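A.B. asks: Below: one structure in structure tokens.
The values are calculated or read from the model by the stated rules, or taken from the named source; none is laboratory data. If you're wondering where the values come from, they're calculated on a predicted model, not measured in any experiment. Every residue, glycine among them, receives a Cβ derived from its backbone with ideal geometry; neighbour counts consider all protein chains shown.
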Amino acid sequence: MEKQSDNMNIKYEDQGYKKPNVIGYRELSEIEILHMNVCKNVAIEVGKVIALLEDQLDTDKRWLAIAKTDLQKGFMAMVRSIAKPETF
């Protein structure tokens, strides 16, 4: 994924074009990118714990599904608090 992103940057910048913007999102500062990546990395680790628990026979799958959904929403909210999208 990172290589593809690097290739896109080279492609646009080499041709004198600016990278296209995602509608509703602004350009992030270096510190915002760092903070967002920290959130994403923590979410990946939490996802691994959820996956481990999903494989256990004695866990309550209903509550685990609720936890998974709520954690996903929480991480999404954290990322949006950094990105501050301007659209719905």
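A.B. asks: Taking region 66-88 on its own, how many of its residues are in contact with a helix residue (DSSP H, G or I) (Cβ under 8 Å, 6 or more places away or on another chain) and farther than 21 Å from L53 by Cα?
C.D. replies: Summing the residues that are in contact with a helix residue (DSSP H, G or I) (Cβ under 8 Å, 6 or more places away or on another chain) and farther than 21 Å from L53 by Cα in region 66-88 gives 4.
A.B. asks: Moving on to the next point. Are there any pairs with C-beta distances below 6 angstrom linking a residue in region 57-74 that is touching a residue at least 12 places away in the same chain (Cβ under 8 Å) to a residue that is surrounded by 11 or more Cβ atoms within 10 Å (Cβ to Cβ) and in a helix (DSSP H, G or I), with the two at least 6 apart or on different chains, and if so which?
C.D. replies: L64/L53; K68/I50; L71/V46
A.B. asks: In addition: Anything in region 11-35 that is in a loop (DSSP other than H, G, I, E, B) and modelled with pLDDT under 80? List them, or say none.
C.D. replies: Q15, G16, Y17, K18, K19, P20, N21, V22
A.B. asks: Going through region 54-76 one residue at a time, which ones are under 16 Å from V42 (Cβ atoms) and surrounded by 11 or more Cβ atoms within 10 Å (Cβ to Cβ)?
C.D. replies: Selection gives A67, K68, L71, Q72, G74, F75, M76.
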